[in-house]
Amino acid sequence: MINLEDKVAKLCLDKYDSLKKTGKPTETEWTVLSGVVLQSSSQELNVVSLCTGTKCLSGAELKNTKYKEHGNRLSDSHAEILARRAFLRYLYNQIELTLDDKNSDIFFITNGRIKLKDVSFHFFSSQTPCGDCSIIPKQKEPADLEISRKKIKLEYSDSLDFIVGLEIIDIHRTGAKCIKNDERQDPHKDGVHYHTVGPLRTKPGRGDRTLSLSCSDKIAKWNLLGVQGALLSLMIPSIKFESIVIGGDCPYLLESMQRGLCKRFSPDQTAPIIKQSKLAFAHKKGKLRIRPCPSSIVWCAVSEQPIEIAVDGYKQGATKKKKKNCSLLASRKEIFKTFLRVYNKYIYDKKIPQHPKKAMYHHYKQYSTTYQNLWKDVRTKIIPTWPVKPLYLQECISFL
Ligand SMILES: [Zn+2]
C-alpha cells in the first residue's frame with residue numbers, strides 16, 4: 001500500500017506533468033510546486049489547486065506600483081501562497097455551486113448555513129517552506145549510531161533540535177531576514193550560530209527588503225486561523241489542512257517543520273500531520289537548474305478559466321498600458337470581486353443590512369467578527385510581533 005504522503009505528492013506531480021509547457025521553467029531554471037489535495041469521504045483524492053512560483057516583489061517595487069494597482073498586482077508569488085489563493089478561487093466556486101443548488105464536492109446547506117461535508121484537505125509543497133522551517137542542522141550521515149533527539153541552545157533564541165551522536169557540520173540557511181521589531185536577530189556567526197530560530201521573517205527579495213512574510217510564517221497563520229481568511233469566514237466554517245507534505249530530495253527535518261509551523265508560537269496547539277514524500281519534483285533547484293523561474297502557473301479545479309500564467313504579479317503578456325486589465329483572477333482585486341458576487345447571492349434572503357456602496361476590502365474583512373476576534377487574540381497572546389499591513393496595501397474599491 002502506497003502511503004498518503006506519496007499519494008498526495010504523486011497526484012500533484014502528475015497534475016503538473018499534464019499541464020502545458022507555458023509558465024514552466026526552462027532547462028536552466030528551477031521552481032517550487034505547491035498544491036492542495038481534496039480527500040473525499042470515500043477517501044478519494046483529487047488535486048484542487050496547483051501553482052508554481054519563486055518570486056516576491058520588494059518594498060521598492062511595491063512602492064513603484066501605482067496606488068490604484070495595488071489590488072491588481074500580486075506581491076507574493078511563492079508557490080505556497082499562490083496555491084492558497086487558487087484554493088480560495090476553488091472555494092468560491094464550490095460555494096456558488098451550493099447556492100445554485102448544484103452539487104458541490106465539499107459544501108452543503110443546512111438551516112441556511114453552509115457546512116463542510118466529511119472531507120479533508122492536504123497541502124503539498126515540493127520543498128521546505130522558506131523562513132524558520134528551512135533552518136535545519138546539517139549533520140553527517142548516520143552510521144550505526146543509536147539515534148535520539150536532543151537540543152542545542154542557540155544565542156537569543158529557542159533551541160534547535162538535532163540528532164544526538166551525529167556531528168553537526170553547519171545549518172541550512174534561509175534568505176529570509178528576521179522582522180525588525182523582534183529583539184531576536186540573526187547573529188550571523190559561523191556555522192550553527194548563523195541564524196536564530198523563532199522570529200517572524202520577511203521573504204528574501206531583490207535588493208530592497210520585501211514586505212511579505214516568509215512562507216513558514218504564513219502557513220503557521222493558516223494553522224491557527226484557518227486557510228480561508230476573513231472574507232470567506234463570513235460564509236463558511238474555518239478550513240485547516242489535515243496534513244502538510246513536502247517533496248523528496250530537499251533539506252527537511254520534522255522538528256524544524258513543527259517548530260516553524262506551530263511550536264514556536266503555540267507549543268500546545270494540535271499541529272497538522274507533517275510528512276516528507278519520497279517523490280521529488282523534477283524542476284526543483286539542481287546542478288543545471290540554477291536560476292529561479294520568473295513565471296508562475298496558477299491552476300485550480302474550476303470550470304471557467306482554471307489556469308493562468310503570471311509574471312511580475314500580473315497576467316503574462318501584460319504591457320504597461322494594459323496592466324489595468326491584466327490582473328490575475330487570483331489577485332486581491334479579482335478575488336474581492338468574486339467575493340462580492342458570491343456574498344450578494346449568499347445574503348439574498350437573509351436579513352443582513354446592505355453594505356455601503358463604496359465599501360472597501362478591509363471593511364468587509366472587519367465584518368467577519370469571529371475571524372477578527374480570533375486574529376486579535378492570536379496577535380495579543382501568541383504572535384504580538386506580527387506586522388500590521390499598511391492600509392494602502394489593503395484597499396480595494398468595491399465594484400457593486
Ligand atoms: Zn516561500
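The values are calculated or read from the model by the stated rules, or taken from the named source; none is laboratory data. Remember, predicted model here, so these are calculated numbers, not experimental data. Positions of Cβ are generated from backbone atoms using ideal geometry, with glycine treated the same way; all protein chains shown enter the neighbour counts.
Among the residues that make up region 296-308, is at least one of them closer than 15 Å to residue 77 by Cβ, at pLDDT below 95, acidic (Asp, Glu) and surrounded by 17 or more Cβ atoms within 10 Å (Cβ to Cβ)? No, because not a single residue in region 296-308 is closer than 15 Å to residue 77 by Cβ, at pLDDT below 95, acidic (Asp, Glu) and surrounded by 17 or more Cβ atoms within 10 Å (Cβ to Cβ). Taking residue 118, is it over 24 Å from residue 334 (Cα atoms) and modelled with pLDDT of 95 or more? When the stated conditions are applied, residue 118 passes them. Looking at region 20-41, can you tell me whether even one residue there is crowded, with 24+ Cβ neighbours inside 10 Å and of a type in the set (S, T, N, Q)? Yes; the residues of region 20-41 include at least one that is crowded, with 24+ Cβ neighbours inside 10 Å and of a type in the set (S, T, N, Q).
Which residue is modelled with the lowest pLDDT, if the candidates are limited to region 163-191 and must be touching an Asp or Glu at 6+ places or on another chain (Cβ under 7 Å) and over 14 Å from residue 386 (Cα atoms)? Across region 163-191, the extreme among qualifying residues is 165.
Return yes when residue 237 is part of a loop (DSSP other than H, G, I, E, B) and within 20 Å of residue 137 (Cα to Cα) and no when it is not. So residue 237 fails the test. Hey, can you tell me all the residues within region 287-302 that are more than 18 Å from residue 34 (Cβ to Cβ) and touching a residue at least 24 places away in the same chain (Cβ under 8 Å)? Passing the criteria: 288, 290, 291.
To keep it simple, each residue is scored yes or no on (1) in a loop (DSSP other than H, G, I, E, B); (2) under 27 Å from residue 216 (Cβ atoms); (3) within 16 Å of the ligand (Cβ to nearest atom).
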| position | (1), (2), (3) |
| --- | --- |
| 62 | no, yes, no |
| 71 | yes, yes, no |
| 82 | no, yes, yes |
| 89 | no, yes, no |
| 92 | no, yes, no |
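Among the residues of region 32-46, those identified as among the hydroxyl-bearing types (Ser, Thr, Tyr) and either part of a strand (DSSP E or B) or touching a Lys or Arg at 6+ places or on another chain (Cβ under 7 Å) (or both) are 34, 41.
Within region 204-222, the presence of at least one residue that is more than 16 Å from the ligand (Cβ to nearest atom), more than 17 Å from residue 80 (Cα to Cα) and part of a loop (DSSP other than H, G, I, E, B) is confirmed. Considering the conditions (1) part of a strand (DSSP E or B); (2) within 15 Å of residue 212 (Cβ to Cβ), residue 51 is excluded by exactly one of them, (2).
The residues of region 181-203 that are in a helix (DSSP H, G or I) and either crowded, with 22+ Cβ neighbours inside 10 Å or on the phi > 0 side of the Ramachandran plot (or both) amount to a single one, 191. Take region 240-249 and flag every residue that is farther than 18 Å from residue 373 by Cβ and not in a strand (DSSP E or B). If the condition is that a residue be farther than 18 Å from residue 373 by Cβ and not in a strand (DSSP E or B), then 241, 242, 247, 248, 249 are the ones that fit. Checked across region 232-243, the condition of being of a type in the set (D, E, K, R) and under 15 Å from the mean Cα position of the chain (by Cα) holds for at least one residue.
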